[in-house]
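> Handing you a structure now.
The values are calculated or read from the model by the stated rules, or taken from the named source; none is laboratory data. All values reported here derive from a predicted model rather than from experimental measurement. A quick note on method: Cβ atoms are made from the backbone with ideal geometry, for glycine too, and the neighbour counts reach across all protein chains shown.
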Amino acid sequence: MAVISYREALNQALREEFDRDERIFIMGEEVGNFGGAFKVTDGLLAAYGAKRVRDTPISELAITGAGVGAAMGGLRPIVELMTINFALLAMDQIVNHAAKMRYMFGGNVRVPLVIRAPQGAGHQLGAQHSQSLEAYFLHCPGLRVAVPATPADAKGLLKSALRQDDPLIFLEHESLYGVKGDVPEGEYLVPLGKSNLLREGKDVTLISYSKCVYDCLQAAEVLENEGIDSELIDLRTLNPLDLGPVVESIKKTGKAVLVYEGWKTGGAGAEVAARIYEAVFDHLDAPIQRVATADAPIAYNARLEHAALPSPAEVVRAVERLV
Amino acid sequence: MALERTRHVAERTLLTMDEAGLSDFYRLMLLIRQFEERVAEMYSRGKITGFCHLYAGEEAVAVGAIRALYDKDYVISTYREHGHCLAKGVSPRTVMAELFGKATGVSGGRGGSMHLFDAGLRFMGGYAIVGGGLPLAVGLGLSIVYKEEPEVVCCFFGDGALPQGAFHESLNLASLWKLPVVFICENNFYGMGTMVQHAICREELYKFAESYKMPGVRVDGMDVLEVHGAALEAVARAREGDGPSLIEAVTYRYRGHSMSDPAEYRPRREERIWLERDPIKSLRRRMLNEKRGDENRLLELEKEVAAVIDDAVAFAEQSPEPPLSELTKHVYVD
């Protein structure tokens, strides 16, 4: 076990999987010479050469579609989109092609494509560079969606992603690349579709993923000082979605708060809330609360941006409304 | 490439082909034509529903190009793909069954007319988003280069795809990476009801190739030999590792955009002119005129093809529907 950053954990996963499977390669804007816009692919070009670490022009639609085609051709491509905002240029290939092909061709094709992209706000990058779009992908059958929060999960989920056969959107959070944590060395897999109980408590269930997990951890400490005992579950993947531990937790606490960085309306948390109501309505003592991004584009101004995003203080307030 | 040159290629192609080869072209074009005519009939009888885009009139393009490929080469197509699929060797039975929405169809009844697929025969799918197949062809080309294999990809699309970003991004990428892809634009003059000159800033579509540093050629898409000759050159170039090409095959769809389109935007005189240039009748006439085919043998072929189509319809009729219990099967690999 070594303490490394989320970025280094991803880089390690890529190297290990590159070594394991010759069919895996990565392509995207600036993944080679530049080492990745967020340095996730740093050193890979030198280690594996241009065949497996392929710089591309700014053509998100064609790059993504080429990833789909290469997957149909028997490879295991990783397409890195510089940020998830640019995935919107490739939505035709993601939604109309990658996600549909296995089904519409009667199960006669596999598309083992992993699309990696950073997302999220917090750096004053303005409306077009600050989105969290996991709900768009969650909405579409045929796509797997991973949203790792910790360095260990970043490694373990990416390795698992590269060993399964469905198109998978792997969403990294821009604010997490520098976060450090214990990461097992060598072979370490985190299965897709297994949420993670990060903190045990009896009063309220916090349900989150990606960067908001850290907001929840901070909030839980504040709440503990107030005598409120929070349980925290990190979903890790939105598809497959593992709500087993969430349901068990709510049977115990009777209260749930969903914390996520997508827009509040139609966000992943809305889906999770609906499923909780369907599964354990009778166990709920109070309405489910959602702490999410305000329904507005993200502003450049730091105070406006901060106000739009979920925060530990907002999580605390949401819990206080319940207890 | 000037038109004289492609005519020359066609003449040369004719000289190099034996009678069996010519009969094969004839039979395959006829198969596609009769298949489509029967599809139209089945559509009007309500056996086939949904969107259905017929290939009648354009047979020379699919046959000329796909007969320039080896079995292991890939084909990517559009929603007007019955002809490409049959030319790649997929059984008329399973194609017809797919159109009927049956479990025995190539896509198990989940795809329909616009989404035929056969991985074994490397028919890599019909796609119903205009231009959507081009990036996939680039990716297949990339997989070939990656695995250091000798295959090529033949990617069909219509004139309607040229104004799409996917066309331009894909040709740039294929040329930049020297991928073994042959792009074949079936220019039938209309993107649905909009004429090419109202949709694209230049009428000579093959000239877009210049912008992407690849050879571009316009061929008579009603002449299977001319298409075949140009395709042989482009396929050889791709297989040699010299990169992609763009072929513009000028052709005409005999029917409207889809079964629901009576094509009232087209002058009837224009339709008559193209019907006179019918690719199947032309080849037949040429084979007989040049003593490269025997009339009795051709008549036999015609009967054989009709029997194959009858059999395909019977197979489709008798096949079971996909079970409702499998509604969500194949959304994911399990």
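Rundown of residues vs (1) of a type in the set (Lys, Arg); (2) under 16 Å from the mean Cα position of the chain (by Cα), yes/no style:
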{"site": "B:181", "(1), (2)": "no, yes"}
{"site": "B:186", "(1), (2)": "no, yes"}
{"site": "B:193", "(1), (2)": "no, no"}
{"site": "B:227", "(1), (2)": "no, yes"}
{"site": "B:239", "(1), (2)": "yes, no"}
{"site": "B:243", "(1), (2)": "no, no"}
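> Kindly list the number of the only condition in (1) within 14 Å of chain A (Cβ to nearest Cβ); (2) surrounded by fewer than 24 Cβ atoms within 10 Å (Cβ to Cβ); (3) under 30 Å from residue B:229 (Cα atoms) that fails for residue B:101.
Only one criterion is unmet by residue B:101, namely (3).
> Sticking with this one: Considering only segment A:132-149, I want to know if a residue exists there that is in contact with a Lys or Arg (Cβ under 6 Å, 6 or more places away or on another chain), surrounded by fewer than 22 Cβ atoms within 10 Å (Cβ to Cβ) and aromatic (Phe, Trp, Tyr).
Among the residues of segment A:132-149, not one is in contact with a Lys or Arg (Cβ under 6 Å, 6 or more places away or on another chain), surrounded by fewer than 22 Cβ atoms within 10 Å (Cβ to Cβ) and aromatic (Phe, Trp, Tyr), which makes the answer no.
The rows are residues; the columns are (1) among the hydroxyl-bearing types (Ser, Thr, Tyr); (2) assigned by TED's automatic domain parsing to the domain that holds residue A:131; (3) within 20 Å of residue A:169 (Cβ to Cβ); (4) touching a residue at least 60 places away in the same chain (Cβ under 8 Å).
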site: A:12; (1), (2), (3), (4): no, yes, no, yes
site: A:62; (1), (2), (3), (4): no, yes, yes, no
site: A:66; (1), (2), (3), (4): no, yes, yes, no
site: A:71; (1), (2), (3), (4): no, yes, yes, yes
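> What tally of residues in segment A:258-302 results from selecting those that are among the acidic types (Asp, Glu) and either in the same structural domain as residue A:126 (by TED's automatic domain parsing) or in contact with a helix residue (DSSP H, G or I) (Cβ under 6 Å, 6 or more places away or on another chain) (or both)?
Of the residues in that region, 1 qualify.
> Within segment A:86-106, track down each residue that is facing chain B (nearest Cβ under 7 Å) and surrounded by fewer than 19 Cβ atoms within 10 Å (Cβ to Cβ).
Result: A:96, single match.
> Quick one: would you say residue A:303 is touching a residue at least 12 places away in the same chain (Cβ under 8 Å) and basic (Lys, Arg)?
Considered against the rule, which asks whether it is touching a residue at least 12 places away in the same chain (Cβ under 8 Å) and basic (Lys, Arg), residue A:303 comes out as no.
> Going through A:252, A:264 one at a time, which residue ends up being modelled with pLDDT of 95 or more and over 30 Å from residue A:296 (Cβ atoms)?
A:252
> Being surrounded by fewer than 20 Cβ atoms within 10 Å (Cβ to Cβ) and free of Cβ contacts under 8 Å to residues at least 40 places away in the same chain is true for just one of A:21, A:42. Which residue is that?
Result: A:42 is the single residue among A:21, A:42 that is surrounded by fewer than 20 Cβ atoms within 10 Å (Cβ to Cβ) and free of Cβ contacts under 8 Å to residues at least 40 places away in the same chain.
> Hand me the list of helices (runs of 4 or more DSSP H) wholly inside segment B:111-218 holding 3 or more residues that are buried (at least 24 other Cβ atoms within 10 Å of the Cβ) and not acidic (Asp, Glu).
B:133-146, B:165-176
> If a residue must be farther than 20 Å from residue B:328 by Cβ and within 10 Å of another protein chain (Cβ to nearest Cβ), how many such residues does segment B:107-121 contain?
Within segment B:107-121, residues that are farther than 20 Å from residue B:328 by Cβ and within 10 Å of another protein chain (Cβ to nearest Cβ) number 5.
> For residue B:275, all conditions in the list (1) hydrophobic (A, V, I, L, M, F, W, C); (2) within 14 Å of chain A (Cβ to nearest Cβ); (3) surrounded by 12 or more Cβ atoms within 10 Å (Cβ to Cβ) hold save one; what is the number of the exception?
(2)
> Taking the criterion of being surrounded by 17 or more Cβ atoms within 10 Å (Cβ to Cβ) and more than 14 Å from chain B (Cβ to nearest Cβ), would at least one residue in segment A:51-62 satisfy it?
No, segment A:51-62 contains no residue that is surrounded by 17 or more Cβ atoms within 10 Å (Cβ to Cβ) and more than 14 Å from chain B (Cβ to nearest Cβ).
> Mind listing whichever residues of segment B:12-60 are out of contact with any strand residue (DSSP E or B) (no Cβ under 7 Å at 6 or more places or on another chain), touching a residue at least 24 places away in the same chain (Cβ under 8 Å) and charged (D, E, K, R)?
Of everything in segment B:12-60, those that are out of contact with any strand residue (DSSP E or B) (no Cβ under 7 Å at 6 or more places or on another chain), touching a residue at least 24 places away in the same chain (Cβ under 8 Å) and charged (D, E, K, R) turn out to be B:12, B:19, B:24, B:27, B:33, B:36, B:38, B:47, B:59.
> Which helices (runs of 4 or more DSSP H) does segment A:1-107 wholly contain that include 3 or more residues that are within 19 Å of residue B:169 (Cβ to Cβ) and under 21 Å from the mean Cα position of the chain (by Cα)? Break it down into steps so the answer makes sense when it comes.
On the way: elements: A:6-20, A:44-48, A:60-72, A:99-104.
In segment A:1-107, the matching helices (runs of 4 or more DSSP H) lie at A:60-72.
> Pull out all pairs, ordered by first then second residue, where Cβ-Cβ is under 9 Å, the residues are six or more apart or on different chains, the first lies in segment A:281-298 and is of a type in the set (Lys, Arg), and the second is surrounded by 13 or more Cβ atoms within 10 Å (Cβ to Cβ) and assigned to a strand (DSSP E or B).
What qualifies is A:290/A:257; A:290/A:258; A:290/A:259; A:290/A:260.
> Now for a separate question. Against the condition crowded, with 24+ Cβ neighbours inside 10 Å, closer than 28 Å to residue A:178 by Cβ and of a type outside the set (S, T, N, Q), how does residue A:116 come out, does it pass?
Answer is yes for this residue.
> Given the structure, is residue B:199 more than 17 Å from the chain's Cα centre (by Cα), over 18 Å from residue A:74 (Cα atoms) and more than 13 Å from chain A (Cβ to nearest Cβ)? Quick ask: steps written out before the conclusion?
Values: more than 17 Å from the chain's Cα centre (by Cα): yes; over 18 Å from residue A:74 (Cα atoms): yes; more than 13 Å from chain A (Cβ to nearest Cβ): yes.
When the stated conditions are applied, residue B:199 passes them.
> Take residue A:161 and tell me if it is of a type in the set (A, V, I, L, M), under 23 Å from residue A:272 (Cα atoms) and in contact with a helix residue (DSSP H, G or I) (Cβ under 8 Å, 6 or more places away or on another chain).
no
> Show me the helices (runs of 4 or more DSSP H) entirely contained within segment B:223-306 in which 1 or more residues are more than 30 Å from residue B:52 (Cβ to Cβ) and of a type in the set (A, V, I, L, M, F, W, C).
Once the helices (runs of 4 or more DSSP H) in segment B:223-306 are filtered for at least 1 residues that are more than 30 Å from residue B:52 (Cβ to Cβ) and of a type in the set (A, V, I, L, M, F, W, C), what remains is B:224-239, B:279-289.
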